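Have a look at the structure below, then the notes.
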Amino acid sequence: QVQLVESGGGLVQPGGSLRLSCAASRSILAFRTMGWYRQAPGKQRELVATKSSGGITIYEDSVKGRFTISRDIAKNTVNLQMDTLKPEDTAVYYCRADSFSTGPPLWGQGTQVTVSS
């Protein structure tokens, strides 16, 4: 069974940076889209950034210009570089992969990001 494993979360001060990584147990070329979602306490899970196999990238408005999503095909990873972090970025961040078939998306277990002074 294919698995996604996130890493890189932690505690950072406002204005700081973190880099999240999502490692897939198979080639990421098998996925139509890979991306990052987040869920803050008491809120619904929301899209942060996605990148398709064709290179189309989508960012949530509040992270545009601060976050960058990238794929490393050789390492089977999708990464999220987060700069100029704000307290409102605090959430559990989840990696998601959508296949080319009609099956449900694949989710990672999540990694906590806390932005606080």
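Key figures for this structure:
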| quantity | calculated |
| --- | --- |
| Pairs, first more than 12 Å from SER53 (Cα to Cα) in the range 27-38, second among the β-branched types (Val, Ile, Thr), C-beta under 7 Å, six or more apart | TRP36/VAL48; TRP36/ILE69; TYR37/VAL48; ARG38/VAL48; ARG38/VAL92 |
| Top-ranked residue in the range 93-117 [being in contact (Cβ under 8 Å) with a residue 60 or more places away in the chain and of a type in the set (Val, Ile, Thr); ranked as most open to solvent (accessible area, probe 1.4 Å)] | THR114 |
| All strands (runs of 3 or more DSSP E) inside the range 1-40 with 2 or more residues being under 15 Å from TRP107 (Cα atoms) and open to solvent by 40 Å² or more (accessible area, probe 1.4 Å) | 4-7, 31-39 |
| Tabulated pairs, the range 69-85, first assigned to a strand (DSSP E or B), second of a type in the set (S, T, N, Q) and modelled with pLDDT under 95, C-beta under 9 angstrom, 6+ apart or interchain | ARG71/SER53 |
| Qualifying residue in the range 56-67 (condition: open to solvent by 30 Å² or more (accessible area, probe 1.4 Å) and under 22 Å from SER101 (Cβ atoms)) | yes |
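The values are calculated or read from the model by the stated rules, or taken from the named source; none is laboratory data. Model, not experiment: these values are computed from the prediction. Note: ideal-geometry Cβ built from the backbone for every residue, glycine included; neighbour counts use all protein chains shown. Heavy atoms of the whole protein, side chains included, go into the accessibility calculation; ligands, DNA and RNA do not. Shrake-Rupley method; radii C 1.70, N 1.55, O 1.52, S 1.80 Å.
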